[in-house]
1. Can you list residue pairs whose Cβ atoms sit under 6 Å apart, with the first residue in segment 339-352 being touching a residue at least 60 places away in the same chain (Cβ under 8 Å) and closer than 11 Å to Lys60 by Cβ and the second being more than 9 Å from the ligand (Cβ to nearest atom) and part of a helix (DSSP H, G or I)? Count only pairs 6 or more apart in sequence or on different chains.
2. Does segment 189-212 contain at least one residue that is within 14 Å of the ligand (Cβ to nearest atom), in contact with a strand residue (DSSP E or B) (Cβ under 9 Å, 6 or more places away or on another chain) and hydroxyl-bearing (Ser, Thr, Tyr)?
3. Of all residues in segment 134-150 being surrounded by fewer than 18 Cβ atoms within 10 Å (Cβ to Cβ) and touching a Pro at 6+ places or on another chain (Cβ under 8 Å), which is nearest to Glu214 (Cα to Cα)?
4. Looking only at segment 335-346, decide whether some residue is more than 11 Å from the ligand (Cβ to nearest atom) and not aliphatic (A, V, I, L, M).
5. Enumerate the pairs (first residue in segment 439-466 and closer than 23 Å to Lys416 by Cβ; second residue anywhere and at pLDDT below 95) with beta-carbon separation below 9 Å, excluding pairs fewer than 6 apart on the same chain, so at least 6 apart or on different chains.
6. In this structure, is Glu453 part of a strand (DSSP E or B), loosely packed, with under 12 Cβ neighbours inside 10 Å and either at pLDDT 95 or above or β-branched (Val, Ile, Thr) (or both)?
7. Would you please list the contacts, defined by Cβ atoms under 9 Å and residues six or more apart or on different chains, that run from a residue in segment 285-306 that is touching a residue at least 40 places away in the same chain (Cβ under 8 Å) and on the phi > 0 side of the Ramachandran plot to a residue that is in a strand (DSSP E or B) and crowded, with 23+ Cβ neighbours inside 10 Å?
8. Determine which member of the set Ala401, Ala378, Ala370 is farther than 30 Å from Asn188 by Cα and either surrounded by fewer than 22 Cβ atoms within 10 Å (Cβ to Cβ) or within 16 Å of the ligand (Cβ to nearest atom) (or both).
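The values are calculated or read from the model by the stated rules, or taken from the named source; none is laboratory data. What you see is a predicted model, and the numbers here were worked out from it, not measured in a lab. Note: ideal-geometry Cβ built from the backbone for every residue, glycine included; neighbour counts use all protein chains shown.
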Amino acid sequence: MELPVTDSPTQAPSDVAPAIANLETIVSLSKRRGFVFPSSEIYGGINAVWDYGPLGVELKNNVKRAWWRAMVQEREDIVGLDAGILMHPKVWVTSGHVGSFSDPLVECGTCHRRYRLDELPGAENLTASDLTDPTVIERYKLICPNDGGPLSPPRRFNLMFETHIGPVQDDSSIVYFRPETAQGSYVNFKNVQQSSRKKIPFGIAQVGKSFRNEISPGNFVFRMREFEQMEMQYFVRPDEAAAIFEEWLPRRWDWYVRYGVTPERLRFREHAPDELAHYAKKAIDVEYRFPFGWKELEGIHNRGDFDLSRHAEASGENLEYFDPATEEHFIPYIVETAGGADRAAFTFLIDSYREEEVRGEKRVVLGLNADLAPYKVAVLPLLKKRPEIVELCHKLRADLAKDMLAVYDDTAAIGKLYRRQDEIGTPWCVTVDVDSLEDGAVTVRDRDSMTQERVPLEGVKQLIVDRLAAARGG
Ligand code: GAP
């Protein structure tokens, strides 16, 4: 497969149209239907933290499960881990985060607002060395986007959140909220390798919360201060790292496509040498065409032996691997796939949104892959005044609910009930009508084609289970 690659971070966003023109479409749908709410809203909200509502938590859980299925369940060479969010503070000194996990911050001399230098209007073409250059503001004639005021020269701002462990609050009790899950996999490399008896190449996968005190969060859940990552660290022979890195690119691309992202709205972007993170030998991002431009969805990194060498040196622990096939001892290289659960869920939401006209009326559909959809099936009575119909609906829903999330709704006429389920992505509606009482069959209506088929009651669950398996490619 030929995959589009670019090395330009500033490629005009107009070349491929986004799935939605305006982010507000998804923000308001999310609020109205219960996908995502502003955190602590009754107190005015807290910047860059979002809460997942009843539908959002289902969607995000399904995204995480789909990732785990592809990365752990379906592979013999990758195992899972759930390391602590708080770690020994030396981890973050050794990893380089205390020293260099920072963004360039500038401050307006009049309104005192703070910005990430590389996100200012007019800063699109800055190089990595510009970001630390004290003359950059003058050279590029950058001004405060709020009031046009003068900006300070950039200074580095560390993104890690600190707290104290234990009852004494002094410098010796400082610990950090992890800014990535990856370090938990590195410090557990030996534990996992020895307990699971995995031979190189093998991987450790983790899903969990990470925290970054981002200077300019925003674009809804795209950049938050508390978020979830889905990261996999693949330990390989040094001489195989470059080839294995290349293998992970189409695999991760395919995962997004398998779950519904339009391939034309994806691209790879390679990091320029002066843009690489402190740990990376090579980095390629999977980017998505968001309504606000091409942005990183996931990073694939060749981290070399940076992490294990540094942790071995700082901890005094021997983190070498013994290869029984070649009888060599070596520090493995690491190929990392680093994605975000929130960013992936956000992408699936945006990319699945569509508006159609059906018989002169607007129909909003979230065409989510059925495996990701919050509700798999809605059971609806055609006549809610008939107790036998309602009873049959509840019985059917309870039976379906043993295997999948199924809901009952009778709060509107059937056409409206269908539209409500379309808007939240429910792939199938099952309608019970008067005939069902006689013939023991119900109508299964498909979200995308809107076709309806008559199915015997006892066959409904299997039909949906089979279609779900097909949706996840199994
Ligand atoms: N371990 C490497 C690492 O953390 P990263 O590119 O900084 O790499 C990986 O982060 C992924 O985590 C990103 O591609 C994105 O999906 C997600 N992510 C990072 N910062 C985020 C933020 N502030 N809000 C939401 N997701 C974020």
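1. Ala341/Lys60; Ala341/Val63; Ala341/Lys64; Ala344/Val63; Ala345/Leu59; Ala345/Lys60; Ala345/Val63; Leu349/Ile26
2. As a first pass, look at segment 189-212 and keep what is within 14 Å of the ligand (Cβ to nearest atom): 203-212.
Filter once more, keeping what is in contact with a strand residue (DSSP E or B) (Cβ under 9 Å, 6 or more places away or on another chain): 203-212.
Remaining after also requiring hydroxyl-bearing (Ser, Thr, Tyr): 210.
There is at least one residue in segment 189-212 that is within 14 Å of the ligand (Cβ to nearest atom), in contact with a strand residue (DSSP E or B) (Cβ under 9 Å, 6 or more places away or on another chain) and hydroxyl-bearing (Ser, Thr, Tyr).
3. Once the filter is applied, the top-ranked residue is Pro145.
4. For segment 335-346, residues more than 11 Å from the ligand (Cβ to nearest atom) and not aliphatic (A, V, I, L, M): absent.
5. Sorted first by the residue in segment 439-466, then by its partner, the pairs are Met450/Val358.
6. yes
7. Pairs found: Gly304/Tyr333; Gly304/Ile334.
8. Ala401
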